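These notes are about the structure you will find just below.
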Amino acid sequence: MLSIPMNRCFIVIIALCALGYFQLNAQSDPTVLVDVDHRQSVSLNGDWHTIIDPYSVGLYTFHRENRKDGYFLNQAQLPGGNKLAEYDFSKSPTLRVPGDWNSQRPSLYYYEGLVWYQRNFDYTLREHHRAFFHIGAANYNAILWINGSKVCEHEGGFTPFDCEVTKLLHPGNNFVVIAVDNTRQAYGVPTLSTDWFNYGGLTRDVSLVDVPDKYIDDYDLHLNHARSAVEGWVHVQDAASGANVSVTIPELKLEADAVVDSQGRAAIKLDAAGMQLWSPEQPKLYQVVLQSGDDVLRDEMGFRTVEVSGTKILLNGKPVFLRGISIHAEAPYRGGRVNNDEDVAALLGWAHELGCNYVRLAHYPHDQRMTRATDRMGIMVWSEIPVYWAEHFGDPSVLKKAEQQLNEEIRRDRNKASILLWSIANETPNTPERTEFLKTLAGDVRTLDSTRLVTAALLVRSEGHIKYVDDSLGEALDVIGANEYIGWYEQNPEGADTTEWKIAYDKPLIISEFGGGAKAGLHGPATERWTEEYQENIFQHQLPMLNRIPQLRGMSPWILMDFRSPRRQLAGIQDGFNRKGLISDQGEKKKAFFFLQKAYKEGGFGKAE
Ligand code: GCB
């Protein structure tokens, strides 16, 4: 065995450090590169080799210790070789990225477990540049290795992450291995029970992003309350104190020059006189150019204010009513998770056709293509993290996970004008631990983004024909969201006619869900469940009832399109789909679609004040 005397050992360690040896093996904490879709990058979308590993053999030994020679080393049984390797990516079948595995291979339809992804790629890093591996979303846990070295781990299936791989890349050919595990977890966010499909895999775009040595990783630019200036800050990673930053809006001939402080942040202020404000009627976006040293980043941004005044929601100082619809990230026609521009165009095209100026993106952050599109189309957005139903609210690790996802969601999207509302939860039980947990999240939102409104979809309490919205969480919200299912999970549709609402808070109210199921093409009397007529009847009775609530400022019925859910077992009708869509998964519009469209388009429904 090679032995080195202690004093020499010290010298060897210093030398290795100088050579970057330890950095070479260093892991990087995932970050979120803001505006990553406008950065120079190499797409790694396409076919990846995959190994389905239900026993996690590629990670653990037979005694369940971590393997040093796991599948991340990307070895193979060489012909005639005597070294044992019981896997070979190059001979294993492929899956498309981005894409969930469930909708790509029939044998993986209900698979919940570990899948290994591998691909080779050519890359030569430019001098004084750094590279990040970008993953738009991996559901639910992911571990990433480059050329056999571990880079980072990430938990949470709907938010992006970026891991630095600068020191691990070789000029020319490289390989990446990613282990993705979608096992549902009691202490995860979400927890075990949801009403949506647990699509697993690298469900969104994957790329290698190039940035200069010192780069803009984050910024927050927004119209100030008085609508007199665009204010905020730009953060430059690794910039020396005093480094220059400029932000320009060429169309308005505006420029702000600033220097970063010791934290790498530069305060920005641009005069907003003459600026056309973003609104659903005129979703004006400006090109904004951010620069620091060699880093130049462009974004398309709209500027508007949103605030609450009493029970009104004010957009650019004017009261608005949110004519909305809820949407899951379920791909029309083909099924699976939304992951491309066509999916987004179909879903938002239908929302637009319905007459919506607003969508609730349930129940988790959707693909960034979605919020880019809502910015362009002028559709206001409720964005949500998957704190859903009965989480383990007393457990600090769950809070940490929720906070991490909230942070990633807000960081990715806080420069998008269309987002008005950050929702921190859906239908959670009203307990002291729950309230404390969610109050912490509400506080987090206000720290991360003080310019938007905090909401949550609350459960409603019934006493006879009275509905009470008095969940104690309401105190911590700017806008109250409430879900109710009169005519479906309770009473019949006519029950709405005699229902009275008592809202404990003098705040705007959004009915964030109501609705009922219908199988497209199934017709019959309005009293018969699952027919299009029954579903339409629910809407016919709901709308007049909702119109009687003085502080109602919006609604997002459940839901735009049928979506897969393993909770929905009724053969011949549900067949694994929640059928509350106004449109089937194959694009067939049901009667309720046309009823709601008429109400939205004729006006007269909903009061902004
Ligand atoms: C709800 C949930 C939503 C479900 C829906 C339903 O209250 O928020 O996720 O899918 O009801 O269809 O039961």
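Remarks
- Checking each residue in the range 493-504 for being crowded, with 19+ Cβ neighbours inside 10 Å and in contact with a Gly (Cβ under 9 Å, 6 or more places away or on another chain) picks out Pro493, Ala496, Ile503.
- Taking residues in the range 342-370 that are in contact (Cβ under 8 Å) with a residue 24 or more places away in the chain and away from the ligand (no atom under 16 Å from the Cβ), and partners anywhere that are of a type in the set (Lys, Arg) and not in a loop (DSSP other than H, G, I, E, B), the pairs with Cβ atoms closer than 7 Å and at least 6 places apart or on different chains are Val344/Arg369; Gly355/Arg323; Gly355/Lys601; Cys356/Arg323; Asn357/Arg323; Tyr358/Arg323; Gln368/Arg412.
- Considering only residues in the range 377-416 that are farther than 21 Å from Asp449 by Cβ, open to solvent by 10 Å² or more (accessible area, probe 1.4 Å) and more than 16 Å from the ligand (Cβ to nearest atom), the one that is nearest to the chain's Cα centre (by Cα) turns out to be Met377.
Condition check ((1) within 19 Å of Leu509 (Cα to Cα); (2) buried (at least 21 other Cβ atoms within 10 Å of the Cβ); (3) touching a His at 6+ places or on another chain (Cβ under 6 Å)) across all residues:
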position: Leu421; (1), (2), (3): yes, yes, no
position: Leu438; (1), (2), (3): yes, yes, no
position: Arg446; (1), (2), (3): no, no, no
position: Ala457; (1), (2), (3): yes, yes, no
position: Tyr485; (1), (2), (3): yes, no, no
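- Index of the failed condition, Leu347 passing every other in (1) surrounded by fewer than 23 Cβ atoms within 10 Å (Cβ to Cβ); (2) over 14 Å from the mean Cα position of the chain (by Cα); (3) assigned to a helix (DSSP H, G or I): (1)
- Residues (hydroxyl-bearing (Ser, Thr, Tyr), under 24 Å from Pro98 (Cα atoms) and in a loop (DSSP other than H, G, I, E, B)) located in the range 44-85: Ser56
- From the list His541, His523, the one residue that fits, being in a helix (DSSP H, G or I) and without any contact (Cβ under 8 Å) to a residue 60 or more places away in the chain, is His541.
- Across the range 526-535, the qualifying residues are those that are farther than 30 Å from Val320 by Cβ and within 16 Å of the ligand (Cβ to nearest atom), and the one among them that is surrounded by the most Cβ atoms within 10 Å (Cβ to Cβ) is Tyr534.
- Scan of the range 250-267 for residues that are among the β-branched types (Val, Ile, Thr) and either touching a residue at least 40 places away in the same chain (Cβ under 8 Å) or open to solvent by 30 Å² or more (accessible area, probe 1.4 Å) (or both), ordered by number: Val259
- Test: residue in the range 592-609 that is surrounded by 19 or more Cβ atoms within 10 Å (Cβ to Cβ) and within 13 Å of the ligand (Cβ to nearest atom): no
- Of all residues in the range 301-314 being in contact with a Phe, Trp or Tyr (Cβ under 7 Å, 6 or more places away or on another chain) and not in a strand (DSSP E or B), the one that is nearest to Arg376 (Cα to Cα): Gly302
- Filtering the range 64-87 to residues that are closer than 19 Å to Asn120 by Cβ, touching a strand residue (DSSP E or B) at 6+ places or on another chain (Cβ under 9 Å) and not small (Gly, Ala, Ser) leaves Tyr71, Phe72, Leu73, Asn74, Tyr87.
- Contact map, the range 424-443: residues that are over 17 Å from Lys401 (Cα atoms) paired with residues that are of a type in the set (A, V, I, L, M), Cβ distance under 8 Å, separation 6+ or inter-chain. Pairs shown: Glu427/Ala457; Glu427/Leu458; Glu427/Leu459; Pro429/Ala390; Pro429/Leu459; Asn430/Leu459; Asn430/Leu473.
- Test: residue in the range 325-333 that is open to solvent by less than 20 Å² (accessible area, probe 1.4 Å), hydroxyl-bearing (Ser, Thr, Tyr) and within 27 Å of Asp217 (Cα to Cα): no
- A single entry from Ile510, Ile538 fulfils the requirement of being at pLDDT 95 or above and within 13 Å of the ligand (Cβ to nearest atom): Ile538.
- Looking only at residues of the range 558-567 that are within 11 Å of the ligand (Cβ to nearest atom) and assigned to a loop (DSSP other than H, G, I, E, B), we find that the one that is surrounded by the most Cβ atoms within 10 Å (Cβ to Cβ) is Asp562.
- Between Arg298, Arg227, the distinction of being in a loop (DSSP other than H, G, I, E, B) and either open to solvent by 20 Å² or more (accessible area, probe 1.4 Å) or within 21 Å of Asp413 (Cβ to Cβ) (or both) belongs to Arg227 only.
- Within the range 514-525, considering residues that are open to solvent by less than 10 Å² (accessible area, probe 1.4 Å) and out of contact with any Pro (no Cβ under 7 Å at 6 or more places or on another chain), the one farthest from the ligand (Cβ to nearest atom): Ala518
- Positions within the range 140-185 being in a loop (DSSP other than H, G, I, E, B), open to solvent by 30 Å² or more (accessible area, probe 1.4 Å) and touching a residue at least 40 places away in the same chain (Cβ under 8 Å), in sequence order: Pro171, Thr183, Arg184, Gln185
- Residue within the range 251-273 that is hydroxyl-bearing (Ser, Thr, Tyr), farther than 28 Å from Thr159 by Cβ and in contact with a Ser or Thr (Cβ under 6 Å, 6 or more places away or on another chain) present: yes
- Only a single item in (1) away from the ligand (no atom under 16 Å from the Cβ); (2) not in a helix (DSSP H, G or I) is not met by Ile573, and it is number (1).
The values are calculated or read from the model by the stated rules, or taken from the named source; none is laboratory data. Predicted model, so just to flag it, every value in this text is computed and none were measured. Cβ sites come from the backbone with ideal geometry, for glycine too, and all protein chains shown count toward neighbours. To get the accessible areas, we keep the full protein, side chains included, count just its heavy atoms, and leave off ligands, DNA and RNA. Shrake-Rupley method; radii C 1.70, N 1.55, O 1.52, S 1.80 Å.
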